[in-house]
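Undergrad: I have a structure I would like to understand better, so I am pasting it below and will then ask my questions one at a time.
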Amino acid sequence: VQLQASGGGLVQVGGSLRLSCAASGSIASINRKGWYRQAPGKQRELVCAITSGGSSNYADSVKGRFTTSRGNAKNTVYVQMNSLKPEDTAVYYCNALIGVKGYWGQGTQVTVSS
């Protein structure tokens with residue numbers, strides 16, 4: 001499985017961004033697609049995820065502000081990020097889970113300026 005993330009950038013506090021992640025390869029086997037982020041000096045953390053059945057979950061820090069969804073083609077996953085805060089600044093990575101094996105895309109930088 002190959003993952004290609006896009007959509008990062010620089011945004012002001014309170015602004016919005018939408019990240020996209022396109023998967024190719026054995027996409028029918030993907031159980032869950034997720035977004036993680038890693039800020040400088042911090043561990044990578046789960047931001048949100050959506051299963052093949054459509055169930056989603058979110059980190060407490062982004063609930064009510066971020067929404068993850070799947071594209072019509074089902075090989076794409078999005079995260080709509082609203083009301084962005086400086087603490088959302090990080091490199092965002094998309095992840096695909098097949099069984100217990102995870103696949104990672106390249107990161108995309110999100111910077112929220114105050």
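The values are calculated or read from the model by the stated rules, or taken from the named source; none is laboratory data. Quick caveat, the model's predicted, so the values are computed rather than measured. Glycine gets a Cβ as well: all are built from the backbone with ideal geometry, and neighbour counts include every protein chain shown. For the accessible areas, the whole protein counts, side chains as well, though only heavy atoms, and no ligand, DNA or RNA atoms are used. Shrake-Rupley method; radii C 1.70, N 1.55, O 1.52, S 1.80 Å.
Undergrad: Over the Cα atoms of the chain, what Rg and Dmax result, in angstrom?
TA: 13.2, 41
Undergrad: Among Arg18, Arg37, what's the order by accessible area (1.4 angstrom probe), most exposed first?
TA: Arg18, Arg37
Undergrad: Whenever you get a sec, compute what percent of the accessible area on the range 1-69 sits on carbon and sulfur atoms (1.4 Å probe). Don't skip to the answer; put the middle values down first.
TA: Details: 1680 of 3680 Å².
Roughly 46 percent, rounded to a whole number.
Undergrad: Also: Could you check the spin-label model distance between Ile98 and Lys42? Points 7 Å from the Cα along Cα→Cβ, value in nm.
TA: Placing both labels 7 Å beyond Cα along the Cβ direction yields 3.1 nm.
Undergrad: PRE reach from Asn31 (point 7 Å along Cα→Cβ): which of the range 52-74 fall under 11 Å by backbone N?
TA: 52
Undergrad: Given 4 °C and 1.567 mPa s, how large is the Stokes-Einstein diffusion coefficient of the range 25-66 in µm²/s, with Rh as the Kirkwood radius over Cα pairs? Intermediate values should be presented prior to the final figure.
TA: Working: Rh = 11.5 Å.
The Stokes-Einstein estimate is 112 µm²/s.
Undergrad: For the chain, report the accessible area per residue in Å² (1.4 Å probe, heavy atoms, rounded to an integer).
TA: Values: 5900 Å² over 114 residues.
Per residue, the chain has an accessible area of 52 Å².
Undergrad: Report the antiparallel proportion of the DSSP beta bridges in the chain as a percent, rounded to a multiple of 5. Provide the component values of the computation, followed by the final result.
TA: Details: 39 of 43 bridges.
Antiparallel bridges make up about 90 percent of those DSSP assigns within the chain.
Undergrad: Round to the nearest 0.05 the FRET efficiency obtained for Gln106 and Lys63 when R0 = 30 Å and r is the Cβ-Cβ distance.
TA: Values: r = 26 Å, r/R0 = 0.88.
About 0.70, to the nearest 0.05.
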